[in-house]
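This report concerns only the one structure given below.
The values are calculated or read from the model by the stated rules, or taken from the named source; none is laboratory data. Please read all numbers here as calculations on a predicted model, not as lab measurements. Cβ placement follows ideal geometry from the backbone for every residue including glycine, while neighbour counts extend to all protein chains displayed. Accessible surface is based on the protein model in full, side chains and every heavy atom, while ligands, DNA and RNA are left aside. Shrake-Rupley method; radii C 1.70, N 1.55, O 1.52, S 1.80 Å.
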Amino acid sequence: MGKNVTRNDVAKLAGVSPAVVSYVINQTKYVSEEKTLAVRKAIEELQYRPNLHARSLKTNKSMQVAFVCDNLHNDWLEIAEKKFFDKGYFVSHCYSRDGDDFIQMLIEGRFDGVFMLSNRYTATQLNEIAGAGIPIVLYKTRDYSFLEPNIVTVAPDIYSGIVKTVSYLAFRGHKRILLVPPLRYNMNLKKGFRERAYKDAVETCGLEYQEEFVCKSTDSLESIKSALFHLLLEKNVEERPTAIMAGDDYLAGHIMQYLKKLGLRIPEDIAIVGMDDTYLADMLSPQLSSVDFSKEAFSEALVDTMLKLIEGKKAEDRLIEVSLNVRESV
């Protein structure tokens, strides 16, 4: 079934009009809970799939949203993707590329909206996308000079997460803490939330801020490992970092494996904390401490904000509260 099933077939099985089926699918008008459940049950039973191309011609929407990522290992985005799917939207994951050509490809791709997880793009480039009528929900990790009104932030409170982590590590006696941002992160010591939070927290805890302990070589895992080798093995013991904050759990896992190859014990020789608190945190050995946030709350905020922007409505910036989940790695 499914291939030849029409909206009329769904309406007949659900005991409603074809118009009500459209209202439920497109969420354009209020439909009672009873009729909504009947339509959804009929859709599932008949394996009905709306014709997205036909719908886009009628509504002038592509029903597609782009997720632009610096790496494609954000497994927690599956929750948000499912919520978009339930709203009738298809999500395309795009690996970030430098240059204006990539910006033009996003614009020409006829996406209804863009969720921008990368911080590699300038305010001018973001505004160009927004100026083409494509709203952006920004996973904001840095300050920008000016952003168009249809660019809105939804992100975990990264600044708070870094502060909590540094404060806890300092409480545990660590005086030299290394910050390693995510892969392909666009470093900016003045505008970046991670960088500012790290400096503020280190100084608040009465520790010496050393710019050397902010890893700037994040273009690849190899460049990060090279920086780690220098700081951990080519320095005197009293000058080496005793703890690492990794930009995400995926990166933290790679760092942990590298530390073990260097003969270092976790956490006896060096502690490590990740960010995002994904499934990897429990699978790694020792289990990884990580900055956590509600993936459900984040996904709800992301989808709600994006749909408001797509409909031309005003949306407010939203930061999701974070906490530090302490496990065996510290």
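Within the chain, what whole-number % of the accessible surface is contributed by carbon and sulfur, with the 1.4 Å probe and all protein chains included in the calculation? Using a 1.4 Å probe with all protein chains present, the chain comes out at 50 percent carbon and sulfur. Near S32, once Lys and Arg are set to +1 and Asp and Glu to -1 for all other residues with Cβ below 15 Å from its Cβ, the sum equals +2. Solvent-accessible surface of the chain, averaged per residue with a 1.4 angstrom probe and all protein chains in place: 50 square angstrom.
A Cβ-based charge dipole, computed about the Cα centre of the stretch 178-330 with Lys and Arg at +1 and Asp and Glu at -1, lands at about 380 debye. Rounded to 0.05, the FRET efficiency of the K313 and K175 pair, given R0 = 45 Å and the Cβ-Cβ distance, is 0.35. Over 25 Å between C-alpha atoms is what I'm after, so list which of K216/K314; K61/K308; K191/K308; K199/K225; K83/K164; K199/K260 land there. Correct reply: K216/K314; K191/K308; K83/K164; K199/K260. May I ask you to list, by number, the DSSP H helices of the chain whose Cα span along the axis is at least 15 Å and whose average Kyte-Doolittle hydropathy reaches 0.0 or more? Once both thresholds are applied, what remains is 158-171, 221-233, 295-310. Please give the residues of the stretch 298-328, grouped as numeric ranges, whose backbone N is less than 18 Å from a label point set 7 Å along the Cα-to-Cβ vector of D86. It comes to 298-308, nothing else.
Across the chain, the mean sequence separation of Cα contacts (distance under 8 Å, 6 or more residues apart), normalised by length, yields a relative contact order of 15 percent. The modelled label-to-label distance for the pair T6/E208, using points 7 Å beyond Cα in the direction of Cβ, is 7.9 nm.
Extension gain for R97 to A123 (0.36 nm times residue separation, less C-alpha to C-alpha distance): 7.8 nm. Here the gap between N325 and S220, fully extended at 0.36 nm per residue and compared with their Cα-Cα distance, gives a gain of 35.1 nm. With Cα atoms defining each centre, the stretch 112-180 and the stretch 271-320 are spaced 12 Å apart in the structure. Between K190 and Y258, the contour length at 0.36 nm per residue exceeds the alpha carbon distance by 21.5 nm. The label point for R40 and the one for E108, both projected 7 Å from the Cα toward the Cβ, are 3.9 nm apart.
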